[in-house]
Every structure is written in structure tokens, then in C-alpha cells.
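The values are calculated or read from the model by the stated rules, or taken from the named source; none is laboratory data. Since the model is a prediction, treat every value here as computed from it, not as a measurement. Here the Cβ is made from the backbone with ideal geometry for all residues, glycine too, and neighbour counts use every protein chain on show. Surface areas here come from the heavy atoms of the whole protein model, side chains and all, with no ligands, DNA or RNA. Shrake-Rupley method; radii C 1.70, N 1.55, O 1.52, S 1.80 Å.
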Amino acid sequence: MAESALLHAYGYLIQPEVRFLDAAVERLIPTDDLGPGGRDAGVTCYIDRHLCSAWGTHGRNYRSGPWLEGVPEQGFQSRLTPQEIYRIGIQEINAFCRARYEQFFENLPAPRQDEVLKALEQDKVELPSLSSKLFFDLLWRNTEEGYFADPMYGGNRGKVGWKLLGFPGVASGAYNAHLDNPAPYRAEPVSILDIQLKQAQVDAQGFAKHIMLKQDGGK
Amino acid sequence: MTTTKLKPVDAVVVGSGVVGSIMSMELANAGLKVLCLERGRMIDPQTDFVMPYVNDELKYDRHSDIFQNLSRETITFRNNARQTALPMRELGSFKPGEMVGGTAAHWGGNARRFLPHDFEIRSKVTERYGKNFFPEDCTAQDWGVTYEEFEPYYDQFEHIYGVSGKAGNLNGEIQSGGNPHEGPRSREFPNPPTRPTPQGQLFAKAATELGYTPFQGPAAAMTQDYNNLYKVMLLECQHGGFCSSHVCSQGAKANPLTAVLPALYKKDNFELRPLCNVIKVNTDSTGKQATGVTYIDARGREVEQPAGIVVLATYCFNNTRLLLLSGIGKPYDPQTGRGVVGRNYSYQVGGRVHVFFDDREFNPFIGGGQVNTSIDELNGDVIDRAQLGFVGGAYINCPSAGASPIKSKPVPHGTPRWGAEWKKAVAHNYRRTLGVHIHGSCMSYRQHYLDLDPTYRDANGLPLLRMTFDWHKNEQKMLAWMYERCVEIAKAMKPAKYHAHAIPLKYSIIPYQSTHNIGGAVMGTDPSTSVVNRYLQSWDVPNLFVVGGSAFPQNPAQGPTGTIGMLACWAADGIKEIYIPKPGPMV
């Protein structure tokens with residue numbers, strides 16, 4: 001189906017980056033008995049689409065110099081855009097992995113990948129061009145977004161992030177009556193994408209018509 | 001650059017947010033020809049913000065184009081004057097708006113009044129505890145107007161914004177079900193209070209056991225269909241979440257777009273001109289009379305708009321910056337303590353205790369930005385601070401704001417930040433957690449101020465505003481004490497786990513805290529410590545009014561919007577009743 005082919009169309013990322021990110025997001029949110037992980041949720045696809053947006057070049061950020069490092073409380077001060085952080089960061093992390101372990105990141109065993117990710121998070125990997133923590137923090141922020149944002153942005157495929165939480169997605173017009181009701185409200189999540197694809201119904205105000213789940217989580 | 005000069009209007013209002021819309025309405029009602037200039041784009045809430053598309057956390061909370069576009073204009077920030085201020089390159093700590101409707105278009109709807117004590121904090125605290133009770137560097141001051149004088153204007157604002165609640169004090173008589181510590185109200189709220197959620201009920205039970213009097217926080221999302229003071233219909237809130245940071249698709253959250261502008265658009269003597277970025281208030285050769293404003297339009301043309309009255313009605317930062325760029329009022333100098341423009345910038349203190357249950361489950365996605373159960377015993381003058389050693393207070397609440405999945409899934413302390421254990425923890429806790437939140441006051445201090453940055457400039461080549469601000473030990477001491485009280489409440493709920501956020505040592509521009517920035521053009525009775533008089537009229541230029549959060553001399557604990565809206569009603573009434581009959585200094 002043409003649609004599933006589009007799920008693997010990358011507008012910014014190049015293939016080594018796709019392989020790196022598929023491996024990394026799967027360690028950040030692993031597949032387990034609770035459900036699919038970051039890779040199968042389409043987080044890499046989400047990151048790619050996101051990098052293609054105005055955000056990928058920090059289109060709404062202040063980007064004039066002088067560029068000074070400042071103190072942490074002064075926030076993001078890198079002259080690199082998210083596109084550049086991913087491109088340069090992945091290349092340099094792979095170079096680090098090859099120098100130390102003779103492998104690209106994606107070919108390392110999972111425990112080793114976790115070790116590398118932790119070292120990046122703690123800013124313990126000396127990359128030539130950027131702080132490894134800067135890279136990690138951006139990757140983790142985007143991974144969380146990709147796993148939990150509406151599936152229309154390419155991630156959260158099958159609404160796996162929302163199913164994990166028990167979040168019903170687009171609100172129902174029935175919520176108002178439930179505001180002070182202690183009974184758990186359990187519904188099959190509805191996304192904006194579902195509504196666009198006419199795979200879910202809405203009421204006259206555009207609120208989702210939820211299909212309620214049984215209390216044990218089954219339909 | 002050549003400047004186009006337009007025909008004069010009676011009044012030009014800069015900004016179409018909570019202040020600009022109400023000031024425009026009231027001045028147009030008085031028969032003035034009013035022009036409102038807005039830097040942001042035009043909005044049609046009926047078509048631009050509809051279900052299901054507004055239920056999009058990524059688009060509106062993370063990457064919203066209804067927040068200020070920092071590529072054109074931002075602020076610079078440093079903790080203290082020894083540092084070099086650097087630009088706030090991305091949004092974090094606060095989210096000013098940029099569109100018709102301003103920041104209020106995406107507010108949460110907490111519509112509280114300040115306490116009578118808050119308006120006279122310098123004299124009341126001195127009276128009770130002695131003048132040395134304030135920290136030596138504290139510049140907190142009385143507002144110059146009392147709660148009693150402001151009360152009719154709170155009432156007016158609440159009947160424009162359809163605020164819901166239960167009065168706790170009606171003309172001095174304490175009422176059950178409301179906040180017994182609030183100032184006297186002249187009548188009931190226009191709408192009944194929100195219904196407490198199961199989380200709110202749990203908080204209320206624990207708070208009651210500890211001797212507090214819980215109540216439902218005043219809210220500006222409709223608890224029933226409501227026809228407001230301007231004959232605009234607002235619809236009942238459906239509690240679908242996606243509230244704060246979002247524009248409501250139902251027109252249930254009162255804001256300029258839903259509560260005021262629909263009535264204004266019908267007036268022949270009103271014009272709204274979007275995409276006009278005001279860069280200067282113009283004055284005559286004496287510098288004592290405003291002649292209008294200069295703005296840059298969407299095509300980049302510089303335009304001069306003459307006006308009889310100029311009202312600055314923008315966010316606290318831009319009100320202050322426009323005065324500095326226009327050379328009106330003496331800029332504040334922290335070395336000498338002299339000067340007033342930029343003085344007394346302040347913020348608010350926030351804190352959270354996360355509470356986790358194993359045996360309870362909630363529906364955290366049901367709610368709205370304004371739905372909360374609160375207590376007010378730790379605020380204002382209710383607590384005796386003699387032994388506590390801090391000035392100020394906080395209100396504590398348990399909100400049901402609508403927990404969105406990217407940002408609202410706290411996990412117990414000690415959980416790894418990512419990986420399998422984190423995944424298990426979010427799955428277990430998303431529906432089993434609630435928050436006990438601290439909303440604390442923040443005094444003003446000699447070393448915290450706003451001025452023009454010497455280095456960084458905006459897209460028009462004009463200097464950015466520079467913020468110098470840090471947490472003071474007075475507020476840190478208060479927060480530590482508030483956390484002890486909140487932990488007591490959390491424990492009384494018998495949770496499986498709980499943890500309090502750490503007390504920040506330094507103010508950081510990174511994490512979202514609140515869009516409650518205030519000061520810089522404060523009101524008062526003394527021109528050496530205030531920019532505007534009690535009517536929000538410039539001491540230096542009598543046909544210039546500077547209205548908004550910029551006028552707060554320090555920040556009380558409650559959300560500022562209720563008081564900002566009240567100040568708009570108060571200032572408009574002053575112009576109509578005093579200024580127009582007799583133009584000139586009103587004091």
C-alpha cells in the first residue's frame with residue numbers, strides 16, 4: 001500500500017542516521033511485554049519529519065550572535081540547528097563507537113548501546129564539535145514526542161504510546177459528565193489521523209466518539 | 001526610511017490581549033474613535049481552532065505559532081549584573097503570545113483576585129512585624145490603591161470573563177464553600193463553581209483533616225452557557241483537556257477572542273489592525289505630550305499613527321521596552337536605586353509535590369486548565385510569619401488540568417529517565433498520580449530589573465530588553481516551608497509514594513515555570529518609585545497610559561490575569577470619568 005511506503009520516506013535523514021536512530025530509540029523505549037518500542041512506533045520517521053519542519057532549522061528561535069556559551073541557566077546557546085546537531089552528532093558518535101568498539105552504534109550489543117547512551121547523557125563522551133549531552137537531550141526530547149504525539153506526525157504508530165498510558169487521544173464529548181466520576185474511563189484511543197482517515201467517528205462538535213474498553217482493558 | 005503619517009485617532013491601544021481588548025471596548029463605549037494595533041496575526045477562533053485539530057499537544061504546546069516568534073524579538077537574560085546577558089534563544093520559562101488575543105488566548109483560566117493584604121503589603125507587614133522584617137534589598141511597595149477601591153472593577157472583569165466560583169466573603173460575611181480568606185465581594189460569582197474531580201476531592205479531604213478550608217479555584221472557563229457583560233455568548237466547558245497553551249475550540253474559555261472582540265468588531269468607531277509592530281511612542285518637542293505611535297507593518301513600512309491618547313497594553317516586557325525605546329521616564333539604575341523604568345521586575349515561585357497511588361486510578365485527561373481545588377491559609381496575612389522569617393505566601397492547589405501524554409506523566413523519584421524501567425513506570429503511574437502545587441508570591445528586589453541590552457538586537461535593529469533576575473533567599477525560605485506543608489497534605493492522602501521537586505538554587509530560563517512575569521512600569525503614589533500613578537497614567541506624559549502586569553510592584557501568589565483584567569477596567573474608568581472631562585495629570 002502506497003501509504004506504508006510513505007512511512008519509510010525520509011526527507012532529511014540519510015541512511016546511516018536512520019540506522020543509528022532506529023537502534024537508539026529502541027534502547028530509549030524498548031520493545032517489551034507492555035508493547036512496541038521506539039523503533040516500531042516510528043520514532044525515527046517522526047524525527048525526520050520534524051527536522052524537515054521550521055523547527056529543524058530553529059526557524060522560530062533567536063539566531064543572531066555573538067554566540068557565547070554562558071551558564072546553564074541561560075539555556076540553549078549552540079549555534080547549531082537541530083538538523084546540524086543530528087547530522088554532526090550521529091557522525092561523531094559513530095566515529096567514537098568505531099574507535100572504541102570497532103563497530104557502528106547500531107551493531108553494538110544492547111547493553112553496550114545503553115552504556116554509550118548513558119555516557120552521552122552524562123556528557124562523558126568528548127565529541128569534537130558538540131556536547132554529547134546536548135545531543136542526548138535533544139534525542140530524548142524528540143523520542144518522547146515521537147512516541148506520544150498524534151500518529152499523524154509519523155510516530156506513535158498504532159497509538160502504542162497512548163495505549164501504554166491509557167490515554168484516549170482526541171477528547172470525547174462525554175468527558176464533562178465524567179469530570180467528577182471516580183469510575184475509570186477506558187476507551188480505545190482515537191487520533192486526529194484516525195479521524196482524517198475516517199477510521200473513527202466524531203460528534204457534531206468534532207469530539208471523538210469513543211469505543212469503551214472493558215475494565216480489564218479488552219474490547 | 002520614509003515614514004507614512006496617517007490620520008489621527010482619539011485613542012491608540014497597543015496590543016489586543018486581555019488589557020488591550022477591554023480598554024478598546026470601554027473607550028469605544030465612551031464614544032472615542034479607537035484603533036488597536038497588534039503585532040500578531042488575525043485570528044478567527046470559529047474556524048482557526050476547531051475539533052479535533054486543537055487536540056494536538058505537539059503543535060500547540062511544543063511548536064506553537066501562537067507563542068512569540070523569537071526569531072524576530074526575544075529578551076536577554078542573566079542571573080546577576082556580573083554576568084553577560086545572553087538571548088533567550090528558545091521558549092522555556094514563560095510563553096508570551098503573539099496573535100490577536102495575545103497571551104490570554106492560551107491562558108489556563110485561573111481567574112483569582114489578589115487579597116486585600118497584597119495591595120498594601122509594605123505598610124501591613126511593617127505594621128505587624130516592624131520595618132526590619134523585609135529583607136534589606138527588598139523594594140516591595142504598596143500599590144497606591146486599596147482592594148476596596150478595586151473591588152467593583154474585579155466584579156466588572158469577572159462579569160466580562162464569566163468567572164465561576166463560590167464567594168467565601170460576601171460584603172464581610174464569611175460564606176461556606178468559598179475561600180474564607182478572600183477580600184469581601186459585593187456579590188456572588190457570575191457562574192457556579194467547577195465540580196471537584198476525584199483528585200480534588202482527595203486533596204480536599206486531606207486538607208480538611210489538617211485544618212484547612214478547601215474550595216474550588218475561581219475559573220474563567222464557563223461552568224454553564226453564559227451571556228457576558230458585553231452580550232457575548234460563552235459556552236459551557238466540556239473538560240476535554242488541551243486547555244492551557246491551547247485555544248479552546250468551544251469558546252468556553254474566556255479570553256479576548258471569545259469574550260470581548262466579537263462585541264468590539266461590531267463597533268464603527270473601532271478598528272483592529274493586526275501585523276503592526278509598534279516600536280515607539282512619539283512625543284512633542286516638550287516631551288510632556290504623546291503625539292501617537294510609530295509602527296512597522298507587515299510589508300516593512302514605517303508608519304506614524306497620531307493619537308490623542310496612547311495606551312500601552314502589551315505584555316510586561318514590551319510595555320517596559322517601549323518606554324525605554326521611546327525615552328519616556330527615567331531608566332532604573334540598580335547602582336544608585338534611582339530611576340523607575342525597568343524597576344521591580346518580578347516573577348512567581350512554583351513548586352510541586354507528585355503523589356503516586358497503587359490502589360487508586362484517575363482519569364487525568366479529563367479536566368481543564370482552570371479546574372482545581374485550593375487552599376488559601378498559607379497566603380497573605382493568614383499565617384503568622386514572625387517565626388517563619390519570610391515575606392509573602394502561597395496558595396496550594398490540586399489541579400485537574402488535562403494531563404497530555406508528552407509532558408504530563410511524572411514518575412516516582414529514582415526511576416531512570418529512559419529505558420525499560422522508565423517505560424514500566426509511566427505505564428503504571430500515568431493514571432495513578434496527582435499533584436499538590438505551590439503558587440507563591442515573589443517580592444521585588446533592588447538588583448532585579450529590566451533594561452535595554454547593550455549588544456543584542458531585534459529584527460528591526462532595536463535593542464532587546466535585558467532581564468536581570470534570580471531567586472532570592474526570602475522566596476527560597478518560603479518555598480521550603482511550603483513544601484513541608486504540601487508533604488503533610490500528600491501524606492494525609494496515604495499514597496504509595498510521593499516526592500517534592502528540589503528548591504532551585506538559581507533561576508533558570510529553561511524549564512517552563514509560569515507566564516506570570518510582572519513589573520518594570522509599576523504603579524504607585526510616588527514618581528520616584530513608580531512609572532505610572534494610581535490611574536496607570538504616566539507621571540511624565542499625561543496622555544500615555546501603561547496598563548498590564550507591568551504595573552504590579554511585586555507579585556502576589558495568585559495568577560496575575562484576574563488582576564490584569566481588573567486593572568484594565570479600572571484604568572478605562574479613570575480615563576472616562578476623570579481624564580476625558582479634564583485632560584492632564586489626574587493626580
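Quick notes
Here's the yes/no breakdown for (1) open to solvent by less than 30 Å² (accessible area, probe 1.4 Å); (2) touching a Lys or Arg at 6+ places or on another chain (Cβ under 9 Å); (3) touching a residue at least 12 places away in the same chain (Cβ under 8 Å):
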| residue | (1), (2), (3) |
| --- | --- |
| B:193 | no, yes, yes |
| B:196 | no, no, yes |
| B:202 | yes, yes, yes |
| B:225 | no, no, no |
| B:232 | yes, no, yes |
| B:236 | no, no, yes |
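- Condition broken by residue B:482, with the remaining ones in (1) aliphatic (A, V, I, L, M); (2) open to solvent by 50 Å² or more (accessible area, probe 1.4 Å); (3) within 27 Å of residue A:73 (Cα to Cα) satisfied: (2)
For every residue, the table says whether it meets (1) crowded, with 18+ Cβ neighbours inside 10 Å; (2) within 14 Å of another protein chain (Cβ to nearest Cβ); (3) under 19 Å from the mean Cα position of the chain (by Cα).
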position: B:504; (1), (2), (3): yes, yes, no
position: B:518; (1), (2), (3): yes, no, yes
position: B:533; (1), (2), (3): yes, no, no
position: B:541; (1), (2), (3): yes, no, no
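- Region A:164-199: number of residues that are under 27 Å from residue B:201 (Cα atoms) and not in a loop (DSSP other than H, G, I, E, B): 9
- Filtered residue count, region B:374-414, keeping only those that are within 23 Å of residue B:62 (Cβ to Cβ) and open to solvent by 10 Å² or more (accessible area, probe 1.4 Å): 10
- Within region B:36-44, the presence of at least one residue that is free of Cβ contacts under 8 Å to residues at least 12 places away in the same chain and not in a helix (DSSP H, G or I) is confirmed.
- Selection within region B:157-191 - surrounded by 21 or more Cβ atoms within 10 Å (Cβ to Cβ) and assigned to a helix (DSSP H, G or I): B:157, B:158, B:160
- In the set A:187, A:174, only one residue is within 28 Å of the chain's Cα centre (by Cα) and either outside the structural domain of residue A:150 (by TED's automatic domain parsing) or within 19 Å of residue B:59 (Cα to Cα) (or both); that residue is A:187.
- Tallying residues that are within 13 Å of another protein chain (Cβ to nearest Cβ) and open to solvent by less than 10 Å² (accessible area, probe 1.4 Å) within region B:345-361 yields 1.
- Checking residue B:105 against (1) part of a helix (DSSP H, G or I); (2) open to solvent by less than 30 Å² (accessible area, probe 1.4 Å); (3) farther than 30 Å from residue A:156 by Cβ, the condition it does not meet: (3)
- Scanning region A:145-173 for residues that are at the interface with chain B (Cβ under 7 Å from one of its Cβ atoms), in contact (Cβ under 8 Å) with a residue 40 or more places away in the chain and buried (at least 23 other Cβ atoms within 10 Å of the Cβ) yields A:145, A:149, A:150, A:161, A:164, A:168.
- Checking each residue in region B:114-156 for being open to solvent by 40 Å² or more (accessible area, probe 1.4 Å), part of a helix (DSSP H, G or I) and under 21 Å from residue B:340 (Cβ atoms) picks out B:122, B:123.
- Close pairs (7 angstrom Cβ cut-off, 6 or more residues apart or separate chains): in contact (Cβ under 8 Å) with a residue 12 or more places away in the chain in region B:60-81, surrounded by fewer than 22 Cβ atoms within 10 Å (Cβ to Cβ) and assigned to a helix (DSSP H, G or I) anywhere: B:79/A:73
- Condition met for residue A:113 (in contact (Cβ under 8 Å) with a residue 40 or more places away in the chain, assigned by TED's automatic domain parsing to the domain that holds residue A:19 and out of contact with any Cys (no Cβ under 7 Å at 6 or more places or on another chain)): yes
- Checking B:303, B:353, B:293, B:340 one by one, the residue that is under 22 Å from residue B:94 (Cα atoms) and among the aliphatic types (A, V, I, L, M) is B:353 and no other.
- With respect to (1) surrounded by fewer than 22 Cβ atoms within 10 Å (Cβ to Cβ); (2) out of contact with any Lys or Arg (no Cβ under 7 Å at 6 or more places or on another chain), the lone exception for residue B:250 is condition (1).
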